Amino acid sequence: MGFTIEKEIWEMFPGMRLVTVTGKDVDNKTNAPSLGQLLQNSQAALKETWQYPNPQSHPNIAAWRQAYQKMGVSGKNYPSAIESLTRRVLTGREVARINPLVDLYNAISLQHVVPVGGWDIDEMAGGEISLRLTRGGERFTELGQAESVQAAPREVSYADAEELITRHFVWRQSERAKITHQTTNFFLISEILPEVGGQVAEDVRSSFVEYLREFFKLDVRTAILDSNTSTWDF
């Protein structure tokens, strides 16, 4: 099993860091009140400390708007996951509790104002993940939807051996391999653009390790990947 990053992705985003985490045999069935409190506190802290006119004005989110221009995609029409999550909180809509792992990564995303996502390793075709440019025609079934669509060529996406599991990098995740209450083996990732900085990558990694130990009693495997990495085995 492994995570591969296509060389052209690093060329498009020089200086980017990918914070990766894998864990095994997790109990993802019980929504602990303390984890719900963490998610609530993360939302409250974002609102209390916010000092920008709108979500896209935050430097971390503005960097994604610029990244989308590089990809030839409208950041307005396809906002990054962190922009959508932040907008939800700032407009007074509470982030719904989904399941423990998703609640945790949403809290970390809000705390650091960076995208965080994850998948069920056991539900991936071939047990492999790749971050690559689409060839064109790959299937993608947006989270919460039943019908799939076909991707255009050269979209930045995560994929398994058969389908896309995100589209437009950090815009939307797929129904395929989503983390559920039945998930036991997982892969989490946070994409840290160079404008956001290496220290944020370290802080996100620390949050992963600390919270997964605190709330799940897990010691996980984690790394910060850069352009010297083509494959990370997990």
From (1) surrounded by fewer than 23 Cβ atoms within 10 Å (Cβ to Cβ); (2) among the small types (Gly, Ala, Ser); (3) part of a loop (DSSP other than H, G, I, E, B), pick out the condition that doesn't hold for residue 177.
(1)
Those residues of segment 80-103 which are part of a loop (DSSP other than H, G, I, E, B) and under 30 Å from residue 220 (Cα atoms) amount to 80, 94, 95, 96, 97, 98, 99
Residue that is in contact with a strand residue (DSSP E or B) (Cβ under 8 Å, 6 or more places away or on another chain) and within 19 Å of residue 79 (Cα to Cα), where the choices are 163, 142, 138, 128:
142
Count, please, the residues in segment 186-211 that happen to be touching a Gly at 6+ places or on another chain (Cβ under 6 Å) and either farther than 16 Å from residue 5 by Cα or surrounded by fewer than 17 Cβ atoms within 10 Å (Cβ to Cβ) (or both).
2
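Let's see how each residue does on (1) touching a residue at least 40 places away in the same chain (Cβ under 8 Å); (2) small (Gly, Ala, Ser); (3) in contact with a His (Cβ under 9 Å, 6 or more places away or on another chain); (4) closer than 19 Å to residue 81 by Cβ:
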{"residue": "136", "(1), (2), (3), (4)": "no, yes, no, no"}
{"residue": "142", "(1), (2), (3), (4)": "no, no, no, yes"}
{"residue": "145", "(1), (2), (3), (4)": "no, no, no, yes"}
{"residue": "161", "(1), (2), (3), (4)": "no, yes, no, no"}
{"residue": "168", "(1), (2), (3), (4)": "yes, no, no, yes"}
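Give the residue that is farthest from residue 63 (Cα to Cα), with candidates limited to residues of segment 1-43 that are of a type in the set (D, E, K, R), in a helix (DSSP H, G or I) and touching a residue at least 12 places away in the same chain (Cβ under 8 Å).
Initially, segment 1-43 is screened for residues of a type in the set (D, E, K, R), giving 6-8, 11, 17, 24-25, 27, 29.
With in a helix (DSSP H, G or I) added as a condition, the list becomes 7-8, 11.
Narrowing further to those that are touching a residue at least 12 places away in the same chain (Cβ under 8 Å): 7-8.
Values: 7: 21, 8: 19 Å.
The residue in question is 7.
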Among the residues of segment 147-160 satisfying the criterion of being at pLDDT 95 or above, of a type outside the set (S, T, N, Q) and farther than 17 Å from residue 8 by Cβ, which is nearest to the chain's Cα centre (by Cα)?
160
Starting from residues that are of a type in the set (D, E, K, R) and within 24 Å of residue 224 (Cα to Cα), keep the ones in segment 14-55 and report whichever is nearest to the chain's Cα centre (by Cα).
17
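The values are calculated or read from the model by the stated rules, or taken from the named source; none is laboratory data. What you are looking at is a predicted structure, and each value in this text was computed from that prediction instead of being measured. All Cβ positions, glycine included, derive from the backbone under ideal geometry; neighbour counts span all protein chains shown.
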